1. Which parts of region 73-111 would a label at A192 reach, counting a residue when its backbone N lies under 18 Å from a point 7 Å out along Cα-to-Cβ?
2. Once you order the gyration tensor axes a ≥ b ≥ c over the Cα atoms, which shape class does region 166-226 get: rounded for a/c under 1.5, otherwise prolate or oblate by comparing a/b with b/c?
3. Short version: ³J(HN,Hα) in whole Hz for each residue of region 3-15, in order, from phi by Karplus 6.51 cos²θ - 1.76 cosθ + 1.60 (θ = phi - 60°), x for Gly and Pro, what are they?
4. Provide the per-residue ³J(HN,Hα) series for region 148-160, in order, calculated from phi with Karplus coefficients 6.51, -1.76, 1.60 and θ = phi - 60°, each as a whole number of Hz, with x at glycine and proline positions.
5. So if R0 is 35 Å, what FRET efficiency would D19 and R67 give, r being the distance between their Cβ atoms, rounded to the nearest 0.05?
6. If you consider only alpha-carbon coordinates, what radius of gyration and Dmax does region 45-91 have, in Å?
7. Find out how many positive minus negative residues lie around P92, taking Lys and Arg as positive, Asp and Glu as negative, among other residues whose Cβ is under 13 Å from that of P92.
8. Need the full-extension length gain, K30 to K138, defined as separation in residues times 0.36 nm minus the C-alpha distance. One decimal, nm.
Amino acid sequence: RHIVAVVPAAGIGTRMQSDIPKQYLTLHGKTILEHTLERLSSHSLVDSVVVAIHPDDRLFFNLPISRHVKISTVTGGSERSESVSNALQALPHDSWALVHDAARPCVCQKDITRLIDTEDLSPTIGAILASPVSDTLKRGSDGYVSDTVDRSQLWRALTPQFFHAHTLLNAYRQAHLNHLTVTDEASAMELAGHKVKLINGHAGNIKITHPDDLSLAAFYLQQESD
Ligand code: C5P
């Protein structure tokens with residue numbers, strides 16, 4: 001199998017309250033995007049990496065890692081799904097896409113390997129890293145609890161998400177034509193009637209979204225390298 005990591009990194013991170021996009025904030029002396037790209041490009045099962053960057057991005061090509069032999073770029077879109085689709089279109093025929101958020105630098109190599117090695121994958125069966133929900137979940141209405149949601153079957157969808165690239169691209173096209181909003185690859189595949197396996201991943205693989213997430217990510221990154 002030819003495996004390409006696809007990294008949507010074209011977001012502007014409005015929830016981060018920062019002047020620069022969150023993937024360019026620094027943790028332990030390196031940008032979040034560099035941490036993410038290092039973990040993907042150094043993985044022995046990943047053949048190449050395609051990064052979707054914003055058309056106005058002036059920072060990416062200043063990073064030494066932008067010249068890495070395994071790494072190339074495409075232009076991102078206005079939605080995450082569009083950024084991923086642009087990358088999928090650039091992939092060789094019959095490749096497998098390992099889609100991973102730029103904003104998740106703490107992913108560990110072991111989880112990537114387990115995801116890629118999932119049994120019984122096929123063009124219509126993919127897999128994602130996910131983590132069981134541990135909090136009690138409430139549905140809210142006007143500031144009050146309306147009811148408690150049964151969490152026994154609920155998972156947090158993480159990335160990477162691993163799918164046959166061409167099938168995924170078609171699933172995204174179908175969702176787009178039907179005006180359905182999807183926030184991850186699995187949603188597009190589910191809507192197209194395909195199967196998605198859940199692979200239990202490390203809960204420390206957080207998506208940096210709010211300012212508070214930075215110190216937590218710094219902690220998990222440190223833990224990994226020790
Ligand atoms: O905004 P959110 O945290 O959901 O973004 C998840 C990932 O998708 C981030 O790595 C972000 O850079 C990327 N993204 C993108 N193109 C967009 C919006 C988000 O590549 N238009």
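No lab work stands behind these numbers, since they all come straight from the coordinates. Values in this document were obtained by computation on a predicted structure and should not be read as measured data. Here the Cβ is made from the backbone with ideal geometry for all residues, glycine too, and neighbour counts use every protein chain on show.
1. Under 18 Å, as judged by backbone N against the label point of A192, lie 80-100 of region 73-111.
2. Working: a/c = 3.84, a/b = 2.20, b/c = 1.74.
Since a/c reaches 1.5 and a/b is larger than b/c, the shape of region 166-226 is classed as prolate.
3. The phi angles translate into 10, 10, 7, 10, 10, x, 9, 9, x, 9, x, 4, 7 Hz.
4. For region 148-160, the Karplus-derived couplings read 9, 8, 5, 8, 4, 10, 9, 10, 8, 7, 10, 10, x Hz, x marking Gly and Pro.
5. It comes out at approximately 0.85.
6. Expressed in Å, the Cα Rg and Dmax of region 45-91 come to 10.9, 32.
7. Values: positive: R1; negative: D47, D94.
After counting each charged neighbour, the total is -1.
8. Details: separation 108, 0.36 × 108 = 38.88 nm, distance 3.78 nm.
Residue separation times 0.36 nm, minus the Cα-Cα distance, leaves 35.1 nm.
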